[in-house]
Structures are given as structure tokens and as C-alpha cells.
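Structure record follows, encoded as C-alpha cells.
Bear in mind that the values in this text are calculations on the coordinates, not laboratory data. In this text, all values refer to a predicted model and were calculated from it rather than measured experimentally. Positions of Cβ are generated from backbone atoms using ideal geometry, with glycine treated the same way; all protein chains shown enter the neighbour counts.
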Amino acid sequence: MTAAAQPAAALLQPLPGGLWRGSFEAMASPCELLMERAGEPADDDEGEARRLLQIACDEVRRIERKYSRYRSDSELARWHRAAAGQPGQPVQVDEESAGLLDLAALCHQLSGGRFDISSGVLREVWRFDGSDRLPPPDAVARAAERVGWPRIGWQRPQLTIPPGMELDLGGLGKEYAADRVLTLLRAEGQRTGRDRPLLINLGGDLVASGPRSDGSPWYVGIEQPIGQTPQADPGSTHPTQPAQPTAPAGLIALKSGALATSGDARRFLLRDGVRYSHLLDPRTGWPVQGAPRSVTVAAPTCTEAGLLSTLAMLQGEGAEALLAAQGLPHWVLR
Amino acid sequence: MQLTPDLNAPTPAAFSTSATSSSLPGSNGTGALHLALAAAVTGLLGGAAQAEGLKVPAAAPAATWQADAAVLLYREGDGRVTALEPVISLRRNDGNDRTTGLRLTLDTLTGASPNGAVAQPTAQTFTSPSGKGTYTTAAGRTPLNSEFRDTRIALLASHERPLGTDQRGSFSANVSAEHDFASVGLSGSWTRDFDNKNRTLSLGLSTEFDRINPEGGVPVERGVAFAGTSKSSDSRYVVDLLAGFTQVMSRRWITQVSYNLGRGSGYHSDPYKILSVVDGSTGLVTGDRYVNESRPRSRTRHSLNVQSKWHLTQDVVDLSYRYYRDDWGISAHTLDGRYRWELGSHGGSGDGGPYIEPHLRWYRQSAADFYRTWLTEGGEYVSGAAGRSPAYASADTRLAAFTGQTLGVKLGLPTGQGREWTLRVETYRQKIDQPANAPGALRSLDLTPDLKAFTLMVGYSRPF
């Protein structure tokens, strides 16, 4: 999708195995909704599937519009304008935003300050383009002075953003949107009496309503590992070696709940052999040391899975320890 | 690059150092962070509607089954061997990375196979191995035993499991049977990851016991062909040791070096292969005419394999080189290259997209010390009751010096939910070195015709 004024429409297509696949672009990611077909005959179901897809697409785009840091008409932009216009004066936020801010505050507390939704300004000095260009330390220090959740005035529902500071809910938005879509579609299914198994995938963060109606799980592919293929016997030129049909690698069976991944694939700086992760420690303004390449977590909700994977990444070398203590399935790529 | 499942995560105690050095209050108590976040998120998403979601997700620990089925058709040119091989395999992953598998292979072979005798300017007649009949080869043609017909059934059971966090062990057993051959094998391997799985060491041991019951009995080695047998069966025992080392060189490059040492002892000859005894000047079959082949009763093999894979943005390049040598005098080089070309992605929810994988393989081996296209009467072979013959001799072209080339392509077509169709087409061409100093009539004949073969494989794989 280009930066066109009107976003492209959502697409619906039938898939083998009794599924509808809806797809659309939002939050700079490919979004996908898999729905089991319901009702007989199948033709009747297309309109219903299209309606559910529209609900999903509208909800994701609503959240994107509301919390985008690139749009001047977003709710987030309104907070920043209010802060700039009347410094020190609180702005009143709605119920949904208050819930998200509460969650951000909790994560800040739980992470000892590593998770901070005011850290976005560090991006003004850090450009993670795979190059070796580190920002000058004094520029980092100046930017880091404008970071710090404790200096944000938050007394639900009153928010006060000090001058020069900015909030960014990008670290929560996609996962929250996935959970919201599931909540809406479930409610819709109950309302119409056509509750059906669903899988929502927003750019790799995903949540399932439950198992498929035959009880089988949803299969989620993870990046193909390479190497370690079985070798044929060297001396043998006999061509009828046992055939070894290749199976898709790294398949996760997801019966219910969510999976979310945090990672820095392709977003890093490399200097003198040191890889600087795009993950910045808001306490210092410098990249987190020893962060895994990516962390995937399975949790009951996508929001939680996403937060846990981010908190684990921010923990650097301690990512595995943090995850091990939670008792949830997880995958760490180093 | 591999996303490593860490499902049987260590107890928090195993990580006590890093856990206490962490300033995360939640990470000290088991699941404290999880519970705090779960409660907060439930509040955010509006309570009741989401309450059922609070159950611990039945994600990866669910057991999964994978079924693979494939049919392979192998066909050699000039009416030689045709093999049809259906394979069915089932694999179960218990969700904790313990996999158990069972594979059933059925092989039917029909057609004709060279019996080892050399072409002649006149027709030749041979007794079939079963002793029940004869077959005749036309003048100028390489003699083929047209009675070549067999069915093989093989069953393989395997089990693989993690041993702690960075070690894995596997064990497998297989049995295979044909009407004149039976084999039982056991193997085990152990792998260990080091340095955050950037290095992996693996060690393996496998053993195999074979029993050979040729039709009509085991021919007397070096004896005159079709003249009787010594015993009804013989056996062979094979042991292989494997050591491998895998190193992640970069995010996109992985390299593996492995060494294999194998030793077989017992009956190694092919009971259906003979050699022609020809006159040194005319090249015509003479004296005892045909003798049974004979190979050493042991074989020690070494091979060294180096393989690298590069994961490009999407595509994967796989190159390998293998050096092989054994104490029969065969040394071989293999170069193998594959390029997995991704044709596009399905989106994030299922598998990768379709792909095309061209495959090129080049193989060159030198001949075994005792490979002979024929034996010369009065030279190293002397016919008659008190005659003499070399200790070992075989005209099996698999022991000759030859070059083999494989050209193939594989097409993979995922259809969602982990299901995938694969189609593989390969052509193989084997060029056997022509023997030097062919006497008389043999000079004008094609003694070692090229072998051309074609392989087609269709496979389907799905989880359930």
C-alpha cells in the first residue's frame, strides 16, 4: 500500500480446508483474518464472512488512526498539541486510552523502567539502517533527557505531557488491535448465532478464538531453519534412496490464545563488530546489550504475549530467565 | 538461523544468577509478571468477553502429528531397471520436542541389469541365476540379466528427544526384506549445542546386519559361473561412525563439516555378477568362458563432507562437497548444489509460499583396484582344473571409474495449514570410462554404454 488517501479495500478469498481468508493492510503490516466457513450452503456464507472481515479491518484501522504518531488528526496528536498549546495543563483522555496508559504505567513499573512509552524521541537520534553510523553520545544524552515515564503526569483520566516529551503507543497497538478484533468478532458471532473458529494475524502477531471446529489446532509457521538436512550415504549411487519429503519447519500448533514476536531483524547498527539492537534502553538512551534477535511468546491474549516478548527483549541477556519464570511457551532466537 | 523452541524451559533456580541480577520485580516469583499482565489486559479488554482467554494457552505443548506420503518412480534407459517406491511415514511430536516416527517403504524393481559379462560380436547365452532357464544377449550388446525382479519392504522406527536444554539424542531401528536379502539395523546419535546454539556437535553410531540368500545359493567365488554353489546363504556386518560439527557463521550462513568412518565385514560380492574370460588377441570368450566375481570380505570407507547454506533475503543456497575413499581403491568427489527459489509468500499465518529448487550434482569416482571389464585367458586368468585366477575381480560397473551427473528440479506447493505437495524430477547420466587395450573384436564394441535414468517423485505432507 502506498501513502494513498484511501486505504485499499480488504480482500476475501476462499481457501482449501473450509476457510475464508481475508486480508488487508493496516499499521504498516499485512493483516489477515482466517475464518472457518459456517452454514449451508457455503455460498450464503460469503456475505457474512465479508461483513466480519469489514468489522476486523475497520477496528484495526480505527486503532491505527487513533494512536498513529504519523497523523495530525490522531488522538495522540491531540494530546501533544494540547501539551504544546498549554504547557502544564492536563488533557482529559477517554476510557480506552486510559486503559492503555494504565497498562503502560504497569509495564514501566514491572520492568524497572525498561518499558517506557515516552522513549520514542530517542528515534530522533538513532537511525537503524544496518549501517555503522552511531549517533554522537552528546546527542543521545540530550534526547535521553526528554525520556521518562515518571515525569509524565498521569492521574486517570488526566494526562499531562511536559514540553519536549512525547508518547508513543506503537509498542502496544498492533497486539491490542488483534485482541480487540477477536472480542468484536466473538460478540458478533454470538449475536448472529454463527460463532465460528477464527485466527487473526496482524503482521505476525496473532490470536485464535479457539481450536478448529474439528478440534484440530491452527498451524502457524515460523521462519524456516536451515542446515542439518539428512545426508545420503556417500558410497551409494543407488538412486532409490528412501525419499524424504520435506516438512515445513518450525510449525507451532495453536489451539487457543495468542502468539506475538518482538525482534530486530534487519533493524540494527553494526560498528566494530558490535551489533546495536534497535531496542533502546530508555534509562540510558543506548541500545539494550545482549538482546536476542527475536522472542516469540504464547499467552492468553496477544497484548500480553506482545508485552512479555518486548519485556524479555529489553532484559537483554536475561531474556530467557524472565521467560522461564512465566511458565508460558516461548521461543528465543539469538 | 533457527528459532529454537525452549519449551522445556529450565526451572527458575537454574537461572538464579541472572534472575536475581535482574531488576524486574516480577521475574522473581514464578509467573508473577504473567499474572500481573494478564489481569491488567483482561481489564483493558473488558472483562467477561475475554475471561475464557485467561486459560493458559494450549499453544505449542499440544502433540502434533505429521504424515508424509510419496511415490518415487525411477527408470533407467534401454529397458533396464524400473523401480516404483511408495513411502508412507508418520511422525508424532508430543509438544515437548520429543518425536517418534514410523516409516514404511515398499520397493518394486523390474527390468534388466548387467550381469557383468562383456559384449561379444556374436550372441551369448547365459543360465539365469535361479538355474531354471537361459537368456540370450544379441551380438554387440551388453549382457543384461532380464530376470531382475524384486520387491523390498522396509520399516523404520525412530525416536528423538531433547536431553536437557542443549542436547538431543535419537535412536532408530530398521528392518528390510527382499526375497533374497534381509537386513536389520540399529543406530543412535547424540547432538550437543554450544554457544547459544551457534555450534553443534553430533556423534552417531550405526550398525547393520545383512543376510544374503541368493537364488540358487551362494556361487563359489572365483569359480566357473553357473557351475554350482557353495552354501545357501552368507552374511555381512556393517558399522558406521559419524562425527559432525555445525557452525553458524552469520545470521544467514551456516556450515557443517562431517566425517564418516564405515567398516563392513563379511560377504560383499554380488552373487549375480560374473566376468567374461576372453582370448588376449581375438577378444572372444574362451576357456572357462565366465567366472563368478569375488570381492574382499571387508571394506573400510571414509568420507568427509562440507556443506554450507546461505539464507538470502528469501531464497536458500545449499552447496556441498564430499570426498570419499575406501580400501578397495575407490576415491570419489561429489559436488552438489541447490537453490531454493521462493516464489512468494502466503502471509504470516501458515507456511511459506511455493518454491522451485533446481538441483545439480556432479560425481566422479576412480575404479576399485580389482575392477576388470574382462579377464584375459593366459594372463591373470588360466582356465582349467589347476588354473589360476586373481584373488579379487569384479566387472560391476558400480566399481568402475565413472562420472555421474544429476540435473533436477523440485517444486514445492504449500496449500496452507502446513500441507504441502512436492514434485521432483531428475535426470541422471552416468558415463563409464572405456577400458584401455581392448583386444581384437572388443575394440569395435561399446563395452561400457552410458546409463541414463529418470526419477519422478510426488509427495504430500500434512499435519493433523
Quick check: convex hull over the Cα atoms of chain B, volume per residue in Å³, rounded to an integer? 167 Å³
What is the spin-label model distance, in nm, from residue B:235 to residue B:313 if the labels are put 7 Å beyond Cα along the C-beta direction? 6.0 nm
Multiply the residue separation of residue A:187 and residue A:109 by 0.36 nm, subtract the distance between their alpha-carbon atoms, and state the gained length in nm to one decimal. 24.8 nm
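Just checking the output field for B:408-415: average partner chain Cβ neighbours within 10 Å of each residue's Cβ?
Counting Cβ atoms of other protein chains within 10 Å of each residue's Cβ and averaging gives 1.
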Fewest to most neighbouring Cβ within 10 Å: what's the order for B:179, B:34, A:80? B:179, A:80, B:34
Prolate/oblate/rounded label for region A:136-182 (Cα gyration tensor, a/c 1.5): oblate
Taking the beta-carbon count within 10 Å as an exposure proxy, list B:359, B:311, A:330 from fewest neighbours to most. B:359, B:311, A:330
Read phi for every residue in region B:82-89 and hand back ³J(HN,Hα) as whole Hz from Karplus 6.51 cos²θ - 1.76 cosθ + 1.60, θ = phi - 60°, with x for Gly and Pro. 10, 10, 10, 10, x, 10, 10, 9
Can you give me the distance in nm between label points at residue A:194 and residue B:71, each placed 7 Å from the Cα along the Cα-to-Cβ direction? 4.0 nm
For chain B: relative contact order, % (alpha-carbon pairs under 8 angstrom, 6 or more apart): 12 percent
What distance in nm lies between label points placed 7 Å from Cα along the C-beta direction at residue B:281 and residue B:259? 5.4 nm
Residues residue B:125 and residue B:385, FRET efficiency given R0 of 22 Å [Cβ-Cβ distance, rounded to 0.05]: 0.40
Region B:198-251 and region A:68-137 have their Cα centres apart by a whole-number Å value of 67 Å
Fewest to most Cβ atoms within 10 Å: A:209, B:383, A:309 sort as B:383, A:209, A:309
Could you work out the relative contact order of region A:100-182, using alpha carbon pairs under 8 angstrom and six or more residues apart, expressed as a whole percent? 32 percent
Net +/- balance of residues flanking residue B:92 in space, Cβ distance below 15 Å, scoring K and R +1, D and E -1: +1
Using a Förster distance of 51 Å, the FRET efficiency for residue B:411-residue A:138 (Cβ separation, nearest 0.05): 0.35
